[in-house]
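The values are calculated or read from the model by the stated rules, or taken from the named source; none is laboratory data. Computed from a prediction, not measured in an experiment: that's the story for all the values here. Ideal geometry is used to build each Cβ from the backbone, glycine not excepted, and the neighbour counts take in all protein chains shown.
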Amino acid sequence: MNSPEQLTRPARKARRFLGGFSLVEMMACVSIIGIIAFLAIPSVSRMRSDSERNLAIARAESLNLAQASFIQVRGRTQAAADWTAAASATAKYNLLLPYLSYAESTVTAFMPAGYTVTFPTSILAMTKVSLRDPSNSTILY
């Protein structure tokens with residue numbers, strides 16, 4: 001017959017091989033993850049700021065297209081009269097709102113955070129809206 005000591009030896013060996021990771025293996029994994037995070041985080045934040053800038057440019061271009069559509073639909077004379085009567089940027093945005101797809105109710109909500117647009121004083125010249133970034137510098141697009 002087998003002694004109890006002989007039965008427990010294989011069980012002890014199996015339990016030793018079923019153990020977790022060693023401290024060195026865990027430290028290596030943590031350091032590799034740290035290096036990847038160190039390299040990736042600045043790239044992700046730069047990518048986010050670039051995408052916000054691109055979104056602001058795209059939204060400014062959509063405002064320009066809405067101005068052209070507004071002139072085509074209303075006619076040059078009526079469009080100029082309506083545009084001149086709209087004294088504020090909010091009033092001018094409300095004139096363009098029907099010509100924007102999926103637009104927000106206000107120009108502040110329409111643009112990404114920190115970006116601002118200035119509408120031209122005359123719509124007949126077909127000048128683009130002026131776009132400024134969060135540092136208040138003009139973006140040429």
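Scanning region 69-122 for residues that are touching a Lys or Arg at 6+ places or on another chain (Cβ under 9 Å) and β-branched (Val, Ile, Thr) gives VAL107, THR116, VAL117, THR118.
Of the residues making up region 113-126, those that are part of a loop (DSSP other than H, G, I, E, B), of a type in the set (A, V, I, L, M, F, W, C), under 25 Å from the mean Cα position of the chain (by Cα) and buried (at least 16 other Cβ atoms within 10 Å of the Cβ) number 1.
When region 85-112 is examined, which residues are found to be over 26 Å from the mean Cα position of the chain (by Cα) and surrounded by fewer than 13 Cβ atoms within 10 Å (Cβ to Cβ)? Steps first, answer last, please.
Of the residues in region 85-112, the ones over 26 Å from the mean Cα position of the chain (by Cα) are 85-88, 91, 95.
Across region 85-112, the qualifying residues are ALA85, ALA87, SER88.
Would it be correct to say that ALA66 is modelled with pLDDT of 95 or more, within 27 Å of SER135 (Cα to Cα) and among the small types (Gly, Ala, Ser)? Taking the combined requirement at face value, the residue satisfies it. From the residues in region 68-83 that are exposed (fewer than 13 other Cβ atoms within 10 Å of the Cβ) and not aliphatic (A, V, I, L, M), which one is nearest to the chain's Cα centre (by Cα)? In this case the residue turns out to be GLN72.
Among the residues that make up region 46-54, is at least one of them touching a Pro at 6+ places or on another chain (Cβ under 7 Å), part of a helix (DSSP H, G or I), under 22 Å from TYR141 (Cβ atoms) and at pLDDT below 95? Steps first, answer last, please.
Initial filter on region 46-54 (touching a Pro at 6+ places or on another chain (Cβ under 7 Å)): 52.
Checking which are part of a helix (DSSP H, G or I) leaves us with 52.
Narrowing further to those that are under 22 Å from TYR141 (Cβ atoms): 52.
Going one step further and asking which of them are at pLDDT below 95, we end up with 52.
Looking for residues that are touching a Pro at 6+ places or on another chain (Cβ under 7 Å), part of a helix (DSSP H, G or I), under 22 Å from TYR141 (Cβ atoms) and at pLDDT below 95, one finds at least one in region 46-54, hence yes.
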